[in-house]
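The structure appears below as structure tokens.
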Amino acid sequence: MAKVDEGDRAPDFVLPGTDDRTYRLSDYVGEGKAGVILAFYPGDFTAMCTKQFCSYRDDAEGLDELGVPLLGISPQSVDSHERWVEEKRLNVPLLADEDMKVANAYGVRGWASPLAWLTERRAVTPGGFFTQRAIIAVDRDGVVRHRVTSFTGSSYESVDDLRPVAEKLGVTSASASS
């Protein structure tokens, strides 16, 4: 498994996601773009992931003030993501990394114990692997400027925690144009 560190070029990706869209890293990097914050997470409908993404929903104004898009990435299908978005009224686009190639490229794929393979909504760990909870921020030049991984998955980065991350990307709420 590769590990992308701060200062490394972010691996490109193309993934299907919610809102009937295909998401590409290239949509967020380049001249005139703010970069992107990638929120890798283990699974839809799980307790901590629900808490994390509902916190983003509940602080939608603060999330908008970051001035940089936030995308969620996990190994569940787009159908699962759409059900979760609808049930919880989530406001962050969710991308389906079903083969975990993007998680692997970013170094956030981990091995799950057999006890962690199932949730109330069925398997979330293809082949016994899972996506670690991580925040990876990519600047407009396609360079990783921030990386935090929670190996236990028992904590997450709130909108307040993401403010200094947005600043590392050269974006502040005062300079945000969107």
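The values are calculated or read from the model by the stated rules, or taken from the named source; none is laboratory data. Since the model is a prediction, treat every value here as computed from it, not as a measurement. We place every Cβ from the backbone using ideal geometry, glycine too, and count neighbours over all the protein chains shown.
In region 72-113, which residues are over 20 Å from Gly128 (Cα atoms) and aromatic (Phe, Trp, Tyr)? The answer is Trp84, and nothing else. Applying the criterion of being of a type in the set (A, V, I, L, M) and outside any helix (DSSP H, G or I) to the residues of region 24-61, the residue that is nearest to the chain's Cα centre (by Cα) is Ala39. Among the residues of region 88-104, the ones that are out of contact with any Pro (no Cβ under 8 Å at 6 or more places or on another chain), over 12 Å from Ala39 (Cβ atoms) and buried (at least 16 other Cβ atoms within 10 Å of the Cβ) come to 2 in all. Quick check on region 75-89. Is at least one of its residues farther than 23 Å from Ser154 by Cα, of a type in the set (A, V, I, L, M) and outside any helix (DSSP H, G or I)? So far as region 75-89 goes, no, none of its residues is farther than 23 Å from Ser154 by Cα, of a type in the set (A, V, I, L, M) and outside any helix (DSSP H, G or I). The residues of region 150-160 that are modelled with pLDDT of 90 or more and either of a type outside the set (D, E, K, R) or exposed (fewer than 14 other Cβ atoms within 10 Å of the Cβ) (or both), listed by number, are Tyr156, Ser158, Val159, Asp160.
Restricting attention to region 138-170, the residues being among the polar types (S, T, N, Q), touching a residue at least 24 places away in the same chain (Cβ under 8 Å) and assigned to a strand (DSSP E or B) number 1.
Put simply, of Thr46, Thr50 the only residue that is touching a Phe, Trp or Tyr at 6+ places or on another chain (Cβ under 9 Å) and under 17 Å from Lys88 (Cα atoms) is Thr50. Among the residues of region 64-87, those identified as crowded, with 20+ Cβ neighbours inside 10 Å, touching a residue at least 60 places away in the same chain (Cβ under 8 Å), within 24 Å of Pro16 (Cβ to Cβ) and not β-branched (Val, Ile, Thr) are Leu70, His81.
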